[in-house]
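> Quick one: the structure is below, questions incoming.
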Amino acid sequence: MSVLDLEEVSRDYQIGRERVGALKGVCLRVDPGEFLAVVGPSGSGKTTLLNLAGCIDRPTSGRVTLDGQRCDDLPEGALSALRAEKIGFVFQTFNLIPVLTAAENVEYPLLLRPKVPPLRERRKRVAEMLERTGISALARRRPDEMSGGERQRVAIARALVGRPSLVLADEATANLDGETAAQIVGLMRELNERQGVTFVFSTHDSRLQGMAKRVVELRDGLLHGGRGC
C-alpha cells in the first residue's frame with residue numbers, strides 16, 4: 001500500500017476577480033521508504049502540493065489518500081488528529097518555539113496528540129531523536145543559541161519524534177548555506193536509509209536534486225514524473 005496518493009488533485013485560489021489554478025490535475029503516488037524531491041521554480045506550486053499532501057489545505061477537486069485513508073473530506077477535528085499521528089513537517093523557517101529548549105521543541109508534537117504518551121515514553125523518544133540527529137548536546141539550548149543548521153536538525157527531530165508515516169520538508173534548506181544544506185539533506189537521506197522514513201521534500205536548488213532517489217518536477221501547476229492515477 002502506498003503512503004500517499006494524490007489523484008487528479010487541483011487547487012484554485014481567488015485573487016481579486018481572477019481564479020488562479022495553483023495545481024492542475026496532479027497525480028502522485030509515494031511508496032513507503034521513498035526519498036522524493038519535488039523541484040521547480042518559485043511559484044510552480046511546490047508549497048501548495050506539500051500543503052495538500054500534509055492535509056494543511058484541501059483540494060478544490062480530486063482525492064488525497066494517506067495510508068489508505070481518504071483525508072480530503074475529513075472534518076477538521078479528524079484531520080488535525082490525522083496530521084498529529086501520521087505526518088511530520090520540516091519548514092524553511094524552522095518554526096521552533098523560541099522560549100522552549102531543543103528537547104522541549106522536539107517533545108511538543110507529542111503533547112498535541114489525542115492520546116498523549118506518558119512522560120517516560122516522551123523523554124525516551126526525545127532523547128532518541130536528539131541522538132539520531134546528532135544534537136544531544138543541544139538539548140537544553142533555546143533556538144537563539146543555535147546556528148541555522150542546528151535549528152533545522154531540531155526541526156527534523158521534532159518531525160520524526162511521533163514516528164510518522166510521512167515527513168514533508170518544504171524548502172527546508174533555503175535559508176542555509178550550501179555546505180549546511182547538503183549536510184541537512186544528507187541527514188534526511190541517512191534517516192531514510194537506516195530507519196525507512198518516507199520523505200518528500202521540495203527544493204529549487206539543483207545541487208540537492210542529485211541526493212534524491214526520485215525527482216518529480218512542477219511547472220505551472222502541472223506535475224511531470226508523478227506516478228499514480
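The values are calculated or read from the model by the stated rules, or taken from the named source; none is laboratory data. Please read all numbers here as calculations on a predicted model, not as lab measurements. Cβ sites come from the backbone with ideal geometry, for glycine too, and all protein chains shown count toward neighbours.
> Can you tell me how many residues within the range 1-30 are in a loop (DSSP other than H, G, I, E, B), charged (D, E, K, R) and either touching a residue at least 40 places away in the same chain (Cβ under 8 Å) or in contact with a Lys or Arg (Cβ under 8 Å, 6 or more places away or on another chain) (or both)?
The total comes to 0.
> In the range 141-170, how many residues are among the β-branched types (Val, Ile, Thr) and either modelled with pLDDT under 90 or not in a helix (DSSP H, G or I) (or both)?
Counting residues in the range 141-170 that are among the β-branched types (Val, Ile, Thr) and either modelled with pLDDT under 90 or not in a helix (DSSP H, G or I) (or both) gives 2.
> Filter the range 139-154 for residues that are touching a residue at least 60 places away in the same chain (Cβ under 8 Å) and more than 18 Å from the chain's Cα centre (by Cα) and give the result.
none
> Also, quick follow-up: Restricting to the range 59-85, name every residue that is over 21 Å from Thr198 (Cα atoms) and out of contact with any Cys (no Cβ under 9 Å at 6 or more places or on another chain).
Pro59, Thr60, Ser61, Asp73, Pro75, Glu76, Gly77
> Scan the range 183-201 and report the pairs whose first residue is touching a residue at least 12 places away in the same chain (Cβ under 8 Å) and whose second residue is outside any strand (DSSP E or B) and of a type in the set (Val, Ile, Thr), with Cβ atoms within less than 6 Å and a gap of 6+ or a chain change.
Close Cβ pairs satisfying both conditions: Ile184/Thr173; Leu191/Val197; Thr198/Val3.
> Pick from Thr173, Thr198, Thr133: which is closer than 21 Å to Lys46 by Cα and either modelled with pLDDT of 90 or more or aromatic (Phe, Trp, Tyr) (or both)?
Thr198
> Now, a different point. Of all the residues that make up the range 175-194, how many are surrounded by fewer than 20 Cβ atoms within 10 Å (Cβ to Cβ) and within 14 Å of the chain's Cα centre (by Cα)?
Here the count works out to 2.
> Scan the range 28-41 and give yes if some residue there is over 27 Å from Val106 (Cα atoms), modelled with pLDDT of 95 or more and more than 14 Å from the chain's Cα centre (by Cα), otherwise no.
Scanning the range 28-41 turns up at least one residue that is over 27 Å from Val106 (Cα atoms), modelled with pLDDT of 95 or more and more than 14 Å from the chain's Cα centre (by Cα).
> Continuing with this model, one more query. Sort out which residues of the range 39-77 are out of contact with any helix residue (DSSP H, G or I) (no Cβ under 6 Å at 6 or more places or on another chain), in a loop (DSSP other than H, G, I, E, B), of a type in the set (Gly, Ala, Ser) and in contact (Cβ under 8 Å) with a residue 12 or more places away in the chain, and write them in order of number.
Passing the criteria: Ser42, Ser44, Gly45, Gly54, Gly68.
> Here are Val64, Val90, Val39: which of them is crowded, with 17+ Cβ neighbours inside 10 Å, farther than 27 Å from Pro114 by Cβ and of a type in the set (A, V, I, L, M, F, W, C)?
Checking each option against the conditions leaves just Val39.
> With respect to Arg189, determine if the residue is among the basic types (Lys, Arg), in a helix (DSSP H, G or I), closer than 29 Å to Met1 by Cβ and at pLDDT 90 or above.
The answer is yes for Arg189.
> Restricting attention to the range 84-123, which residues are assigned to a loop (DSSP other than H, G, I, E, B), under 18 Å from Ile135 (Cβ atoms) and out of contact with any helix residue (DSSP H, G or I) (no Cβ under 8 Å at 6 or more places or on another chain)?
Scanning the range 84-123 gives a single hit, Thr101.
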